[in-house]
Every structure is written in C-alpha cells, then in structure tokens.
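The values are calculated or read from the model by the stated rules, or taken from the named source; none is laboratory data. None of the values given here were measured: they were computed from a predicted structure. FYI the Cβ positions are ideal-geometry reconstructions off the backbone, even for glycines, and counts take in every protein chain you see. SASA here: full protein model, heavy atoms, side chains in, ligands and nucleic acids out. Shrake-Rupley method; radii C 1.70, N 1.55, O 1.52, S 1.80 Å.
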Amino acid sequence: MGGRAPFVDVEGAVRILRAGGLVGLPTETVYGLAADATQPAAVRRIFETKGRPPTHPLIVHVPSAEALSRWSAWSSPSARRLADALWPGPLTLVLPRAAAVLDEVTGGLPSVAVRVPAHPLARAVLEGLGAGIAAPSANRFGAVSPTTAEHVQDELGDRIDGILDGGPCDVGIESTIVDVTGDVPRVLRPGGVSVESLQDVLGAPVLVAGEDDGPRAPGRLASHYAPRARVSVVDERDVAERVRAWTSAHPDSTTVVLAPRALPEGVRGGRWVEVPEDPRAWAQTLYADLRALDAAGVERAFIVLPVESSGLGMAIRDRLLRAAGPR
Ligand code: AMP
Ligand code: MG
C-alpha cells in the first residue's frame, strides 16, 4: 500500500492511456484496470500489476458495436442479436478475433472477448481514446473485485497512474460472458445479464458451461473473488448449527454471518449482517460486503446462499461459491 494514484478526469484518463499508462476505470459492472488494448507494453503491465498469469485473456471494451470490426468478426446471427439487444451493458461476447488483435490480449487464443460498457465515463474515455480498452477488474489476481474508486485506491493506488471516480458501480458484479463462436451460445461466466434475458432475446435456449470445462478463465477458477477471511457458504436451514459448532470450538475467532433474513433462534456467537433479499440489490453491495469482512479483521464468515438461481441469483451463487473455494 502506501502510494496513492491521482484522481483524474476523462481527459486525464485518456492522456494516461495514450501514454501507455494504467487507469482505474469505472464501468457499470466493476472498476476496470484499463490500458490501451493496442499497446503491448501497456497490456503486459496489466498482468504485472494484478499478478495475473499472462495466459488468461482480457476483455476488450469498445465504444459501440460498429467499432467491432477492428477486433473481431460477427460469428453468427445470434451474436448480432445479443449485441443489438443488450449493448451497451454487462454482456461480453467471445467472438473470432481479427488478425490485428494482440496476443497479449487474447492469450494466444483464436477468439477475443469484447464488450460495449454502459457507464457514461467509460464511454467518454473510449470515445476520447478512439481505440479499444483492455480492462480486467482492478484488483490483485484472485481477490475481490472493486466497486468503488476507493476500493481501487486501497488495493492498487501505488501501482497505477490514475483513477477516474464514477461512484459506486450500478450492477456490482462482472459481465456475463457468452461464447458465440459455436453453434449454440454458451455462457462461460454468469454475470450482470441473466440467462433468462439471453434466452428471451434469442427465443432459444443457451448452454451454461459446467465447472470443469471451457477455456482458461480466471473467473472460472475454484478460488476467486476471495477475501482473506475464510468463507463458507451455507444453506439457510444449516446456518444456526454451523455457526454454533464453529463458535463453540473457536470462542475467540471473529465470526460474521451474512444472511438475507434475521437468523433463526439459537444462533449465538456470530455477528449477523443482513444482506438484501433481492439479488439485484445484493449484487450491488456483495463485493463491498466481502471487503468489509477484511477491513473488520473477520476470520470466519458464513454466508447464506440465495436459493434462486434465476436472474442475478445465478451470478451471486457463482461468486460466493468461488469466494468459499479451496485456496
Ligand atoms: P476479468 O476481466 O478478469 O473479469 O475476466 C475476463 C474474462 O473473460 C476471463 O474470465 C477470461 O478468461 C474471459 N475471456 C477473455 N477472452 C476470452 C476468450 N477469447 N475466450 C474465452 N474467455 C475469454
Ligand atoms: Mg477479475
């Protein structure tokens, strides 16, 4: 920690990106660690700054679907329909790459991930730069994604060149990634656009990738989005028993329970934090909740999983299972 990055405006952010620097950039999903996607050295700095393995490809953010031809080709009518209906927004499409796309961005894959973000400041920076922006989440590899400018400052302030403060992110979790290079669109990572919305647009079912197939993707690792606190996800029925067992065996451990409702009678020892029951509302605060655990020095967290895996419930369940994944 220590050093702080200057807060910059849109023009300042564009200047830094042109010069090959890194900017903490607000998007509607989470804050991105942004670099000009056409500058190899700048893109390599993203990987060094995050501690991310260089073979994990990045998402390229573009100002509009019309700007896509520089980066990729439309693979299918489905790809087009999804883009027309859901861009700008929290949807990333994996498409065949154009020849000019840097290997640093794609990890050498024949495909490239692209998205048109909806956040007005991200859009302004894209317009100003006139190129694509490579931007993974602005956090150290494996850690919790940032949803405020202060989160970025705390975690990467000493390693980047500027931060554009766009306030708290609207969606709060990452984009839905859909591979549209095959015959049937396949969700590689659930996120801010629900599977139901995709199917509504297409009027047909989509595939959802399982835990153990699919290409390299950090968001698909067993442990990811993880705070320092040890996290267990629990069913609402079991939470009382789990917390009681833990706190009686570890009376001195700081323990927190995150649950959408007041805990059942008989839960002792843990501090209870109420989270919103509506998945859209919880998604907005989920990562801030996880960061707050670490800020408060919590050692052990029990989190009650949302039961519904429809809508944003699917993405929340996915992130919590990975936050609780084996380290
Ligand atoms: P992040 O920027 O860390 O939220 O993650 C970007 C996600 O997009 C990662 O899970 C990547 O693996 C995924 N991704 C990027 N490019 C591709 C690609 N060409 N094929 C499949 N997944 C990709
Ligand atoms: Mg990330």
Open item on the list: What pairs come out if I take residues in segment 226-239 that are over 22 Å from Pro146 (Cβ atoms) and pair them with residues that are of a type in the set (Phe, Trp, Tyr) whose C-beta lies under 7 Å away, six or more apart or interchain?
Closed with: Ser232/Phe302; Val234/Phe302; Val239/Phe302
Task: Boolean, Gly128 is open to solvent by less than 40 Å² (accessible area, probe 1.4 Å), more than 12 Å from ligand 1 (Cβ to nearest atom) and either small (Gly, Ala, Ser) or under 17 Å from the mean Cα position of the chain (by Cα) (or both) - done: yes
Task: Single match in Val152, Val171, Val180 (criterion: among the β-branched types (Val, Ile, Thr) and either without any contact (Cβ under 8 Å) to a residue 24 or more places away in the chain or out of contact with any strand residue (DSSP E or B) (no Cβ under 6 Å at 6 or more places or on another chain) (or both)) - done: Val171
Open item on the list: Being in contact with a strand residue (DSSP E or B) (Cβ under 8 Å, 6 or more places away or on another chain) and either away from ligand 2 (no atom under 16 Å from the Cβ) or open to solvent by 10 Å² or more (accessible area, probe 1.4 Å) (or both) is the requirement here; does Arg140 meet it?
Closed with: no
Task: Among (1) farther than 24 Å from Leu312 by Cα; (2) open to solvent by less than 10 Å² (accessible area, probe 1.4 Å); (3) in a helix (DSSP H, G or I); (4) of a type in the set (A, V, I, L, M, F, W, C) - the single one Ala122 does not satisfy - done: (1)
Open item on the list: Just to verify a result, which residue in segment 184-198, among those that are open to solvent by 30 Å² or more (accessible area, probe 1.4 Å) and away from ligand 1 (no atom under 16 Å from the Cβ), is nearest to Ser75 (Cα to Cα)?
Closed with: Ser197
Open item on the list: Considering only segment 262-271, I want to know if a residue exists there that is at pLDDT below 90, touching a helix residue (DSSP H, G or I) at 6+ places or on another chain (Cβ under 6 Å) and surrounded by 18 or more Cβ atoms within 10 Å (Cβ to Cβ).
Closed with: yes
Open item on the list: Taking the condition of being buried (at least 23 other Cβ atoms within 10 Å of the Cβ) and outside any helix (DSSP H, G or I), how many residues in segment 143-160 meet it?
Closed with: 5
Task: Extreme residue, farthest from ligand 1 (Cβ to nearest atom), among residues of segment 44-75 that are part of a loop (DSSP other than H, G, I, E, B) and surrounded by fewer than 17 Cβ atoms within 10 Å (Cβ to Cβ) - done: Ser64
